[in-house]
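To start, the structure under review is shown below, and the notes come after it.
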Amino acid sequence: MADTSSADLRRTMRDPEAFEAFYRRHAERVSRFVARRVADPHTVDDLTTEVFLAVIDAGHTYRPDRGSEAAWLFGIARNVVASELRRAARELHKSGRAAGRRPLDADDIACLEERIDAERAARPLLAAIAELPKSLRAVAELVDVDGLSVADAAAALRIRVGTARVRLHRARHRLVAQSGNCQETLLEGSS
């Protein structure tokens, strides 16, 4: 996946055809990111859409010197998902959450359910990571669960690469101490 310059990305956000190509290049990866964190197919679809709407609004903020296009996009996706999780926690007791959602057809739901099932194996690792302090958790999620490089995770979190490496090392050390072996936890979840 080729990264673009800041000016190219700004042009992409204004050109419908270029944006469609950008969307097609990243949509599946963003949807997988969301599906690892959310179990409802409608919410996965909505949040994936919200990520790309946020990208349109934030296209001018991309700085290639701070990280790859993917790192920038994952930073936005993290914020969108975190915002939704906070909102859902506040709204848990209210009814009518389905109001206003566009209906998904059976194929959309089946596809999103397959994606959620495919990402289910990562949930035990996410649960273990959830026990970590926030700063360690963020780096571990992006590197060990979402597959970003340490440099891209650092860019997404707006921290130095060295800081990200130290936090990742500490997170992994705590996870090993916490569960004996995080990889065993992941393997048990996929059986």
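The values are calculated or read from the model by the stated rules, or taken from the named source; none is laboratory data. It should be emphasised that the depicted structure is a prediction, and the values quoted were computed from it without experimental measurement. A quick note on method: Cβ atoms are made from the backbone with ideal geometry, for glycine too, and the neighbour counts reach across all protein chains shown. Note: accessible area is taken over every heavy atom of the protein model, side chains too, but ligands, DNA and RNA are not part of it. Shrake-Rupley method; radii C 1.70, N 1.55, O 1.52, S 1.80 Å.
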Legend entry - Percentage relative contact order, segment 22-78, counting C-alpha pairs under 8 Å, at least six apart: 39
Inset, instruction - With the full set of protein chains in place, find how many percent of the accessible area of segment 1-81 is carbon and sulfur; take the probe as 1.4 Å. - result: 49
Inset, instruction - At 0.36 nm per residue, minus the direct Cα-Cα distance, what do Arg86 and Arg11 gain on full extension? Give it in nm, one decimal, please. - result: 23.8 nm
Legend entry - Ala127-Val161 pseudo-label distance in nm [points 7 Å out on the Cα-to-Cβ vector]: 3.6
